[in-house]
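Have a look at the structure below before the remarks.
The values are calculated or read from the model by the stated rules, or taken from the named source; none is laboratory data. The structure presented is a predicted model; accordingly, all values stated were derived computationally and were not measured. Every residue, glycine among them, receives a Cβ derived from its backbone with ideal geometry; neighbour counts consider all protein chains shown. SASA here: full protein model, heavy atoms, side chains in, ligands and nucleic acids out. Shrake-Rupley method; radii C 1.70, N 1.55, O 1.52, S 1.80 Å.
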Amino acid sequence: MSLVVYPWPQTLKNDNVDSVHVKMWEEFCFNKCEYFINFFPYFFNEKKKLSHLNVVKKFYFWNDVHFNKQVNIILAKKLIELF
């Protein structure tokens, strides 16, 4: 099993890159997961460059936690680089 974590729009707005959720899932994966992949740094770096609202508009469906096509392509390329 492998696990990938990423922030929801509300998490991106109200939390930080060192989220307790990341730590929780990373601890869960220790000795259980083949890979633990943390996309929080990518999203929070984008937030620094663009602002929270612009990242939400660019990467998510509006009023939804799901990614749009653009960010799915970006994350797929990042996963391919890792493997």
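Condition test on residue 64, is it out of contact with any Cys (no Cβ under 6 Å at 6 or more places or on another chain), among the acidic types (Asp, Glu) and open to solvent by less than 80 Å² (accessible area, probe 1.4 Å)? For residue 64, the condition - out of contact with any Cys (no Cβ under 6 Å at 6 or more places or on another chain), among the acidic types (Asp, Glu) and open to solvent by less than 80 Å² (accessible area, probe 1.4 Å) - is met.
With the requirement that a residue be part of a helix (DSSP H, G or I) and either open to solvent by 50 Å² or more (accessible area, probe 1.4 Å) or in contact with a Ser or Thr (Cβ under 6 Å, 6 or more places away or on another chain) (or both), what does segment 41-61 give you? Result: 41, 45, 47, 48, 49, 50, 53, 54, 57, 58.
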